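The values are calculated or read from the model by the stated rules, or taken from the named source; none is laboratory data. Computed from a prediction, not measured in an experiment: that's the story for all the values here. Here the Cβ positions follow ideal geometry from the backbone for every residue, glycine too, while neighbour counts run over all protein chains shown.
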């Protein structure tokens, strides 16, 4: 059977899982691809470091450019992570006419359209299924099966680390700090978890999905982003008692006039919503479209094995399409104007500590109503605390109502506030 040379940049958790499958299951992959992908060389930072894998006849190089320049390599797998030097190495590979398979969400979020155009210019291919949702085949779905649909919205849980933390915070007495420490001990959170807990990982993934689903180009920095550092265990537990689960929800929507809104925020998810039961390291993406209506993908969204699954799927596809006369047609994208906070509608949750002022409770509820924010439910807690579930209204209305609460003598302190979604 014909063979196709593969080079790999990086040999961490994902790279090791990919290399192990390429070496140990070459017959299976060859049958599925129509030719055998053969790992020829790997670039690593430290060539002397012992590895938990027998690379057999695979060449190990310290210089990643040596892998790209190898004439026996037709497909370059980039699993280094980060944008520098990964972006430049992907560019170098594509300019050499070599197909690239990457799991790098940061690179694709920031430079995806430009790299796709570069691939087309040099008659190469760029694949990035593993950049979102690990083994969840969401990129393939958006690039293929739903091309006849108009997609109106995406609702996603696409960061496993925060989902593990928020799931743990439902337990009595758990705080963000204790749940994070537990996630780090279990290997779900990095020593520096900032990319995850501050929402940037989910933002990068959402930008990629919105580009494919809505045909819009949005800079990661322009996404409405709130991380989970300030989420209180008290709020998570109280919402659980009310039937809600707190998720770091990634949402994208497009109005009929074409304006778009992307946000990543901790959100209380109601029991009737499809993301309600997506716990721990699971990821899920809900697509709302005009023809297929509601499509949901769910599965393990993190880890070396799951990400390796997506990388290997792209490698098989790349081998199958190696003789294609031209680059697959790139989905057109355009700059889109953002929806204003007067047009983005949400429901809300707020927890306040009431003062000892007479009728403090009724004054708070009346103030919300006066600011145009309906009260769906109000729940009294111990310690003069009050939970209010507010109705659907523009983001700007919610913000103005919270500003009003902060000035009331009937309110000692606003203790927590979150978005809320129902079925």
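Kindly list the number of the only condition in (1) surrounded by fewer than 20 Cβ atoms within 10 Å (Cβ to Cβ); (2) in contact with a helix residue (DSSP H, G or I) (Cβ under 7 Å, 6 or more places away or on another chain) that fails for residue 247.
(1)
In segment 377-412, what count of residues is obtained for those that are in contact (Cβ under 8 Å) with a residue 24 or more places away in the chain and over 22 Å from residue 345 (Cβ atoms)?
Looking only at that region, the number is 11.
Rundown of residues vs (1) part of a loop (DSSP other than H, G, I, E, B); (2) touching a strand residue (DSSP E or B) at 6+ places or on another chain (Cβ under 7 Å); (3) under 19 Å from residue 187 (Cα atoms), yes/no style:
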site	(1), (2), (3)
120	no, no, no
124	yes, yes, no
130	no, no, no
134	yes, yes, yes
139	no, no, no
142	no, no, no
149	yes, yes, no
154	no, yes, no
163	no, yes, yes
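One residue is enough: does segment 155-175 have a residue meeting the conditions without any contact (Cβ under 8 Å) to a residue 12 or more places away in the chain and out of contact with any helix residue (DSSP H, G or I) (no Cβ under 9 Å at 6 or more places or on another chain)?
no
Check segment 50-68 and report whether any residue there is touching a residue at least 60 places away in the same chain (Cβ under 8 Å) and closer than 19 Å to residue 313 by Cβ. So that I can check it myself, show each step before the final result.
Taking segment 50-68 as the starting set, the residues that turn out to be touching a residue at least 60 places away in the same chain (Cβ under 8 Å) are 67-68.
After this cut, where a residue has to be closer than 19 Å to residue 313 by Cβ as well, the list is none.
Scanning segment 50-68, I find no residue that is touching a residue at least 60 places away in the same chain (Cβ under 8 Å) and closer than 19 Å to residue 313 by Cβ, so the answer is no.
For segment 178-196, which residues satisfy the criterion of being touching a residue at least 24 places away in the same chain (Cβ under 8 Å) and in contact with a helix residue (DSSP H, G or I) (Cβ under 6 Å, 6 or more places away or on another chain)?
Result: 179, 188, 189, 196.
Out of the helices (runs of 4 or more DSSP H) lying entirely within segment 1-115, which hold 3 or more residues that are within 25 Å of the chain's Cα centre (by Cα)? Spell out how you get there, then give the answer.
On the way: elements: 13-24, 26-33, 64-69, 86-95.
Counting at least 3 such residues, we get 13-24, 86-95.
How many residues does segment 287-310 contain that are under 20 Å from residue 253 (Cβ atoms) and surrounded by 19 or more Cβ atoms within 10 Å (Cβ to Cβ)? Please lay out each step first, then the result.
From segment 287-310, those under 20 Å from residue 253 (Cβ atoms) are 287-297; that's our starting set.
Now restrict to residues that are surrounded by 19 or more Cβ atoms within 10 Å (Cβ to Cβ): 287.
Residues that pass the stated criteria total 1.
Hey, among 273, 254, which residue is modelled with pLDDT under 95, under 21 Å from the mean Cα position of the chain (by Cα) and crowded, with 19+ Cβ neighbours inside 10 Å? Give the steps one after another, and end with the answer.
On the way: 273 fails: modelled with pLDDT under 95.
Just one listed residue meets the conditions, 254.
Condition check ((1) modelled with pLDDT of 95 or more; (2) crowded, with 24+ Cβ neighbours inside 10 Å) across all residues:
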| site | (1), (2) |
| --- | --- |
| 134 | no, yes |
| 137 | no, no |
| 149 | no, no |
| 154 | yes, yes |
| 168 | yes, no |
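Each row is one residue, and each column tells you yes or no for (1) more than 26 Å from residue 340 (Cβ to Cβ); (2) touching a strand residue (DSSP E or B) at 6+ places or on another chain (Cβ under 8 Å).
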residue: 257; (1), (2): no, no
residue: 265; (1), (2): no, yes
residue: 272; (1), (2): yes, no
residue: 277; (1), (2): yes, yes
residue: 280; (1), (2): yes, no
residue: 284; (1), (2): yes, yes
residue: 287; (1), (2): no, yes
residue: 290; (1), (2): no, yes
residue: 296; (1), (2): yes, yes
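Could you say which residue among 89, 9, 28, 94 is in the same structural domain as residue 115 (by TED's automatic domain parsing) and farther than 19 Å from residue 124 by Cβ?
28
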